[in-house]
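Every number in this text was worked out from the coordinates using simple rules, so none of it is lab data. The structure presented is a predicted model; accordingly, all values stated were derived computationally and were not measured. As a convention, Cβ positions derive from the backbone with ideal geometry for all residues, glycine included, and neighbour counts pool all protein chains shown.
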Amino acid sequence: MICYNCKKQFYVKRNFLSLFETKKYYICNACRSTYPIQFGYEEIPLENYTLFIVSIFKRTYKLNLDAYQKELSKIVEFLMKRYKDYFLVYLDSFKENDVQIECLSFLADTQKKSILLVCCELKK
Ligand SMILES: [Zn+2]
């Protein structure tokens, strides 16, 4: 398989039981260890509701996010099931400042729900 991030070819070890499985991997082990998933969690009170921010990477990486598409889809799916009453917003990158939070507060008021913001990179 070819890593979506570094474009190098890599092999997935298989054993006798997984010999005929057709699992797809989009990121090699070297890139996975260089750019690890490390969750961050932040809760910001808005005027009437709450903003929960879940960041997936602790640092800003020069990373092709398509390489983590399988993991990101599972994370978002899990969060959607867990936080059913929240309005989910997914962004690749989110810069936390007063204007953005004010916009999200307005969005929460229009949706009448608290907001769960999932972002890969959280910039402050
Ligand atoms: Zn790679």
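So between Glu77 and Phe39, what do we pick up on full extension, going 0.36 nm a residue minus the alpha carbon distance?
Values: separation 38, 0.36 × 38 = 13.68 nm, distance 1.54 nm.
The span from Glu77 to Phe39 would gain 12.1 nm if fully extended.
On a 0 to 90 degree scale, rounded to 10, what angle separates helix 98-111 from the longest Cα axis of the chain?
Orientation of helix 98-111: about 80 degrees from the principal axis.
Identify the trypsin sites (Lys or Arg not before Pro) of region 15-55 meeting these criteria: DSSP loop state and at most 16 other C-beta atoms within 10 Å of the C-beta.
Here the trypsin sites (Lys or Arg not before Pro) that fit, given the DSSP loop and packing criteria, are Lys23, Lys24.
Cut-off 10 angstrom, C-alpha nodes, Gaussian network model of the chain. Which of Leu46, Leu17, Leu63 fluctuates the most?
Leu17
With runs of 4+ DSSP H residues as the only contributors, calculate the mean residue ellipticity of the chain at 222 nm using -39,500 (n - 2.57) per run, divided by the residue total and rounded to the nearest 500.
Details: 3 runs with 34 residues, N = 124.
One gets -8500 deg cm²/dmol as the mean residue ellipticity at 222 nm.
Can you give the extra length, in nm with one decimal, that the chain gains between Tyr61 and Lys84 once fully stretched, where that is 0.36 nm per residue apart less the Cα-Cα distance?
Numbers: separation 23, 0.36 × 23 = 8.28 nm, distance 3.00 nm.
Length difference between fully extended and current span is 5.3 nm.
Let me have the relative contact order for the chain, percent, based on Cα pairs under 8 Å that are six or more residues apart.
Values: 182 pairs, mean separation 35.3, N = 124.
This gives 28 percent for the chain.
Using only the alpha-carbon atoms, how far is helix 69-82 inclined from the longest principal axis of the chain? Give it as 0 to 90 degrees, nearest 10.
Taking the Cα atoms of the chain, the angle to 69-82 is about 40 degrees.
Which FRET efficiency value, to the nearest 0.05, do you get for Lys70 and Asn48 by plugging their Cβ-Cβ distance into 1/(1 + (r/R0)^6) with R0 = 25 Å? Could the numbers behind the result be given before it?
On the way: r = 36 Å, r/R0 = 1.46.
The calculated FRET efficiency here is 0.10.
Tell me, in nm to one decimal, what length is gained between Lys123 and Ser18 on full extension, where the rule is 0.36 nm per residue of separation less the Cα-Cα distance? Walk me through the numbers on the way to the answer.
Numbers: separation 105, 0.36 × 105 = 37.80 nm, distance 4.05 nm.
Result: 33.8 nm gained on full extension.
Of the beta bridges DSSP finds with both residues in the chain, what % are antiparallel, to the nearest 5? Could the numbers behind the result be given before it?
Values: 7 of 21 bridges.
Restricted to the chain, the bridges split so that about 35 percent are antiparallel.
May I ask you to derive the relative contact order of region 58-124, considering only C-alpha pairs under 8 Å and at least 6 residues apart, and to give it as an integer percent?
Working: 60 pairs, mean separation 30.7, N = 67.
Here the relative contact order equals 46 percent.
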